[in-house]
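Peer 1: Shown below is the structure under consideration.
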Amino acid sequence: MDEARIAAVDAQLTTLVAEDAALADARTSTEVTSPGIEVAPTLGKLLHLLALIRGARRVLEFGTLAGYSTIWLARAVGPAGRVVSLELDRDNATLARRHLTDAGVSAWVDILCGPAERTSALMVERGEAPFDLVFIDADKASLPTYLDRAAELTRPGAVLVLDNVVRGGRVADAAASDPDAAGARAALAALASDERWDATALQTLGPKGWDGIAIALRR
Ligand code: SAH
Ligand code: DHB
Ligand code: MG
């Protein structure tokens, strides 16, 4: 495919997305463990719009990195809302908190540090109030686990978004040994069969290469 044209189209689509300095700083932050794996601006804005369309008050995120997607979600729920973001790496969490403060949203965002498998299980155990929207964007091998946690932490009507379900097309390669692709494949299979979710998925092209997202409604 024509890389230059894909980039030109992406630049054109991104003209619909207005970023202030705090969002741009969080997106271009290089001090994190894996710079450059935050969502593209068009996907950040999609998350923001989905939260607004749903009228979401409580949002749960798996994978904070530098807080780029977190800021988009936090600005959608506003100061009367709550965002809980789960992050493994302490240094990422510290940096994200700085970006959230710069963005003016830190008062209603909690970053829980530790493996999301554990922090999300703790929320289930403690009877955390249900979330209106869940965005899953942490380690891909654990996608099926996170999907179960998301179902336990939501009620019918909640919105679910999974990032990175295509992985350069490797999701369709059953023989691929890539644990990320295997996690994505298992998550798509679960979404297709799990009575609790009504789902679809889309391929995406752009600054992050060939990947995709799944979107689901909690039944
Ligand atoms: N949602 C962010 C990008 C997240 S990148 C954005 O779009 O701006 C994935 C993040 O998941 C990284 O910060 C990584 O440290 C974190 N992560 C990896 N494994 C994890 C785990 N087991 N539990 C919680 N977070 C994890
Ligand atoms: C990776 C993780 C992501 O969340 C992403 O959007 C792209 C890449 C990764 O771990 O390689
Ligand atoms: Mg991602």
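Peer 1: With r defined as the distance between the Cβ atoms of SER34 and GLU152 and R0 fixed at 22 Å, what FRET efficiency is calculated, to the nearest 0.05?
Peer 2: Details: r = 28 Å, r/R0 = 1.27.
Once rounded, the FRET efficiency stands at 0.20.
Peer 1: Let me ask you something else. Might you report the magnitude of the Cβ-based charge dipole of the chain about its Cα centre, with Lys and Arg at +1 and Asp and Glu at -1, to the nearest 20 debye?
Peer 2: Dipole size: approximately 600 debye.
Peer 1: Same structure again: In angstroms, what radius of gyration and Dmax does region 1-94 have, counting Cα atoms only?
Peer 2: So, for region 1-94, Rg and Dmax equal 14.2, 45 Å respectively.
Peer 1: Sort 62-74, 102-114 by packing, meaning the average of other beta carbons within 10 Å per residue, with the highest value first.
Peer 2: 62-74, 102-114
Peer 1: Please state, as a whole number in µm²/s, the translational diffusion coefficient that the Stokes-Einstein equation yields for region 38-165 at 25 °C and 0.890 mPa s, with Rh defined as the Kirkwood radius across alpha carbon pairs.
Peer 2: On the way: Rh = 14.1 Å.
For these conditions, the coefficient is 174 µm²/s.
Peer 1: Taking the radius of gyration and the Kirkwood hydrodynamic radius from Cα positions alone, what is the Rg/Rh ratio for the chain, to two decimal places?
Peer 2: When Rh is taken as the Kirkwood radius, the ratio is 0.94.
Peer 1: Averaged over all directions, how much area does the convex hull of the C-alpha atoms of region 153-219 cover when projected, in nm²?
Peer 2: For region 153-219, the mean projected area of the Cα convex hull comes to 4.7 nm².
Peer 1: If you add up the charges near ARG58, with Lys and Arg at +1 and Asp and Glu at -1, over every other residue whose beta carbon is less than 12 angstrom from its beta carbon, what do you get?
Peer 2: With Lys, Arg at +1 and Asp, Glu at -1, the neighbours total 0.
Peer 1: OK, next. Per q in 0.20 1/Å, what log10 I(q)/I(0) does a Debye calculation on the alpha-carbon atoms of region 97-215 return?
Peer 2: -1.17
Peer 1: Another one. Give the average over all directions of the projected area of the C-alpha convex hull of region 1-47, one decimal, in nm².
Peer 2: 4.1 nm²
Laboratory data are not the source of any read-out in this text; all were calculated from the coordinates shown. It should be emphasised that the depicted structure is a prediction, and the values quoted were computed from it without experimental measurement. Using ideal geometry, Cβ is built from the backbone for each residue, glycine included, and neighbour counts are taken over all protein chains shown.
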